[in-house]
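*Asks:* After the structure tokens below, expect a handful of questions from me.
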Amino acid sequence: MTLHPTQKPRTDRQKKGDVIRYLGVASTVGINMVVSTFVGFALGYWVLDRYLDSYPWCTLLLTALGIAAGFRYLFRIAKKANEKEDSSEQGV
């Protein structure tokens, strides 16, 4: 990786800050996956299936939607990280 002429080399302190930031992002992705899956399950099981008497269909559908929402968030974060990495490599 070559530096842009106006770019300064990163210090150890900045590198440690980046590691902590990446750990924070990784933990929010994990928490978001669990929460979105649980919310989908809870809405399907305790709200819709009880009142519509459609067990297990609403539970399965909303759990799958919760999992999909979690993965959507994961892909958004990965895309942002990739864009930041690309822009930093170009020296922008």
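A short reminder: the numbers here are calculations on the coordinates, not readings from a lab. Being a predicted model, the structure only gives us computed values, none of them experimental. As a convention, Cβ positions derive from the backbone with ideal geometry for all residues, glycine included, and neighbour counts pool all protein chains shown.
*Asks:* Size of the chain along its principal axes in angstrom, Cα-based, largest extent first?
*Replies:* Here the Cα extents, ordered largest to smallest, are 67, 23, 13 Å.
*Asks:* If you don't mind, another one. For the pair Tyr73 and Ile20, what calculated FRET efficiency results from E = 1/(1 + (r/R0)^6), where r is the Cβ-Cβ distance and R0 = 22 Å, to the nearest 0.05?
*Replies:* 0.60
*Asks:* Also, I was wondering about something else. Note down the relative contact order for the chain as a percent, whole number, built from C-alpha pairs under 8 angstrom at least six residues apart.
*Replies:* Relative CO of the chain lands at 32 percent.
*Asks:* For the pair Arg13 and Asn82, what calculated FRET efficiency results from E = 1/(1 + (r/R0)^6), where r is the Cβ-Cβ distance and R0 = 35 Å, to the nearest 0.05?
*Replies:* Calculated value: 0.90.
*Asks:* By how many degrees, between 0 and 90 and to the nearest 10, does the Cα long axis of helix 12-42 differ from the longest principal axis of the chain?
*Replies:* 10
*Asks:* May I pose another question? Take peptides 70-76, 16-22, 37-43 and line them up by average Cβ neighbours within 10 Å, highest first, as a rough protection proxy.
*Replies:* Top of the packing list down: 37-43, 70-76, 16-22.
*Asks:* Based on the Cβ-Cβ distance from Glu89 to Ile31, what FRET efficiency comes out when R0 is 25 Å, to the nearest 0.05?
*Replies:* In this case the efficiency is close to 0.25.
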